[in-house]
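Enquirer: Here it is: the structure, laid out below.
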Amino acid sequence: MYRNRHTNKFIALTRRLFQRRANQGATSRRGFLSGLCALPAAALTVNTDATAQATQSATGQSDAGQSGNRNFAEVIGYQLERHIKDARFAILPLGSVEYHGPSGPPATDTALATGIAARLAPKFNASVFPPIHFTHNPAHTAEFRGSVSVRPAVLTMYFEDVLRGIVQNGFKKVFVLNGHSGNIAPMRAAISQVAAERKEADFLLASWWETLSIQLVENLKLFTSGNGGRGHGGPLEMSSAAVFLPNSVEAGRGPDLPPTVRPEDGFPYYHEKADVSDWPGYSGKLSEISRDKGEKLVDTATKRLEALLEYWLKNESKAGNW
Ligand SMILES: [Zn+2]
């Protein structure tokens with residue numbers, strides 16, 4: 001569809017040129033082609049919905065023109081200095097390439113981190129860096145088709161270098177917006193390392209789904225399972241992913257599963273086990289996935305992250321975990 005619109009535009013343009021040449025009596029093929037080459041570059045720039053769409057799918061946000069473009073990697077070279085000076089902080093989205101069950105795509109985590117980053121950026125005039133796609137998958141998802149995993153030690157060093165590069169560009173404050181649990185340990189280690197090296201730098205790490213406590217999600221009454229639809233590849237995550245990748249999420253593509261049973265007074269703990277032969281790679285009731293629910297969840301998470309960022313910016317001199 002986009003291609004046709006673009007093609008039609010180009011045909012109309014060349015037809016007008018040909019007509020003008022014909023009127024002037026210069027109808028030779030060479031004359032026509034040289035006229036076409038002489039067109040200003042801007043006239044031939046393909047600036048249709050198709051390119052806007054391509055920008056959107058590659059980066060998670062549409063291009064609002066260069067002056068309003070918050071995507072660091074899309075800023076024209078000569079404008080980078082101004083862009084960095086104007087930005088209050090950098091955002092680094094962390095994703096994964098990981099199987100998310102039969103109802104959603106492997107890019108789920110990347111889409112969520114990038115999509116939420118795009119919503120946060122204009123409010124804070126933040127500079128959004130390209131997301132990190134390939135990361136570490138925990139042992140229980142790494143073996144599934146759809147997963148590509150990087151070893152945690154490699155990832156930690158890779159994260160360190162990316163953080164160093166962002167700081168070296170002139171950003172003193174870096175907000176790491178995480179979409180995937182396997183990134184938490186390597187990124188915390190990387191932040192600790194680079195924060196010790198670069199005294200002027202200030203790093204903040206938050207995982208979007210952790211803004212949605214079980215209590216908070218239960219109050220929204222979106223899902224019927226007792227854990228608020230949480231869990232890897234579950235209805236909370238997949239409904240949220242549908243906001244940014246509507247064509248890659250389909251509700252109910254696998255049987256509904258009972259919620260994971262946790263200890264009564266659950267305190268935080270970490271459990272990992274590779275042999276999960278009886279687990280299908282997702283959690284909860286896939287029949288309850290919906291984009292409308294996802295909009296509510298993403299909206300809530302974005303507001304909570306905004307509050308955190310405002311607090312961060314106001315409390316610059318305070319150290320550590322407040
Ligand atoms: Zn995920």
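Enquirer: Looking at V194, V249, V174, which is the one that is within 16 Å of the ligand (Cβ to nearest atom) and of a type in the set (A, V, I, L, M, F, W, C)? I'd like the intermediate steps shown before the answer.
Expert: Values: V194 fails: within 16 Å of the ligand (Cβ to nearest atom); V174 fails: within 16 Å of the ligand (Cβ to nearest atom).
Within the list V194, V249, V174, the selection yields V249.
Enquirer: Just checking, which of A64, A113, A90, A43 is modelled with pLDDT of 50 or more and either exposed (fewer than 15 other Cβ atoms within 10 Å of the Cβ) or closer than 22 Å to T300 by Cβ (or both)? Walk me through it before giving the result.
Expert: Numbers: A64 fails: modelled with pLDDT of 50 or more; A90 fails: either exposed (fewer than 15 other Cβ atoms within 10 Å of the Cβ) or closer than 22 Å to T300 by Cβ (or both); A43 fails: modelled with pLDDT of 50 or more.
Residue meeting the stated conditions: A113.
Enquirer: When the range 167-182 is examined, which residues are found to be more than 14 Å from the chain's Cα centre (by Cα) and not β-branched (V, I, T)?
Expert: Step one: filter the range 167-182 for residues more than 14 Å from the chain's Cα centre (by Cα), giving 167-174, 181-182.
Answer for the range 167-182, where residues must be more than 14 Å from the chain's Cα centre (by Cα) and not β-branched (V, I, T): Q168, N169, G170, F171, K172, K173, S181, G182.
Enquirer: Okay, next question. Looking at the range 176-191, I want the residues that are on the phi < 0 side of the Ramachandran plot and have a partner that is charged (D, E, K, R) and within 14 Å of the ligand (Cβ to nearest atom) with Cβ atoms under 8 Å, at least 6 apart or on another chain. Which pairs are those?
Expert: Close Cβ pairs satisfying both conditions: G179/D109; H180/E98; H180/D109; G182/E98.
Enquirer: Run down L112, L155, L120 and say which single residue is on the phi < 0 side of the Ramachandran plot, part of a helix (DSSP H, G or I) and within 11 Å of the ligand (Cβ to nearest atom). Let's see the steps before the verdict.
Expert: Details: L155 fails: within 11 Å of the ligand (Cβ to nearest atom); L120 fails: within 11 Å of the ligand (Cβ to nearest atom).
After applying the criteria, what remains is L112.
Enquirer: Can you tell me how many residues in the range 275-322 are among the acidic types (D, E) and either at pLDDT 95 or above or surrounded by 17 or more Cβ atoms within 10 Å (Cβ to Cβ) (or both)? First the steps, then the outcome.
Expert: Keep residues of the range 275-322 that are among the acidic types (D, E), which gives 275, 278, 288, 292, 295, 299, 306, 310, 316.
Subsequent filtering for residues that are either at pLDDT 95 or above or surrounded by 17 or more Cβ atoms within 10 Å (Cβ to Cβ) (or both) retains 288, 292, 295, 299, 306, 310.
The number of residues fulfilling the criteria is 6.
Residues are listed down the side, and each one gets a yes or a no for (1) more than 24 Å from the chain's Cα centre (by Cα); (2) closer than 13 Å to G231 by Cα; (3) of a type in the set (A, V, I, L, M, F, W, C):
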site	(1), (2), (3)
L257	yes, yes, yes
R262	yes, yes, no
S277	yes, no, no
Y282	no, yes, no
S287	yes, no, no
S290	no, no, no
E295	no, no, no
A301	no, no, yes
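Enquirer: S240 is checked against (1) away from the ligand (no atom under 16 Å from the Cβ); (2) not in a loop (DSSP other than H, G, I, E, B) and fails just one. What number does that condition carry?
Expert: Just one mismatch for S240, condition (1).
Enquirer: Looking at this structure, is S239 among the polar types (S, T, N, Q), farther than 15 Å from W209 by Cα and in contact (Cβ under 8 Å) with a residue 40 or more places away in the chain?
Expert: Details: among the polar types (S, T, N, Q): yes; farther than 15 Å from W209 by Cα: no; in contact (Cβ under 8 Å) with a residue 40 or more places away in the chain: yes.
No, not satisfied.
Enquirer: State whether one or more residues within the range 182-194 are under 17 Å from T108 (Cβ atoms), among the hydrophobic types (A, V, I, L, M, F, W, C) and at pLDDT 95 or above. Full working, then the answer.
Expert: Going residue by residue through the range 182-194, those that are under 17 Å from T108 (Cβ atoms) are 182-184.
Imposing the further condition that a residue be among the hydrophobic types (A, V, I, L, M, F, W, C) reduces the set to 184.
From the residues that got through so far, the ones that are at pLDDT 95 or above too are 184.
So far as the range 182-194 goes, yes, one or more of its residues are under 17 Å from T108 (Cβ atoms), among the hydrophobic types (A, V, I, L, M, F, W, C) and at pLDDT 95 or above.
Enquirer: Please go through the range 93-108 and pick out each residue that is in a loop (DSSP other than H, G, I, E, B) and more than 8 Å from the ligand (Cβ to nearest atom).
Expert: Narrowing the range 93-108 to residues in a loop (DSSP other than H, G, I, E, B): 95-96, 98-107.
Answer for the range 93-108, where residues must be in a loop (DSSP other than H, G, I, E, B) and more than 8 Å from the ligand (Cβ to nearest atom): G95, Y99, G101, P102, S103, G104, P105, P106, A107.
The values are calculated or read from the model by the stated rules, or taken from the named source; none is laboratory data. As the structure is a prediction and not an experimental result, all values here were calculated from the model. For neighbour counting, all protein chains shown are included, and Cβ atoms are generated from backbone atoms with ideal geometry for every residue, glycine included.
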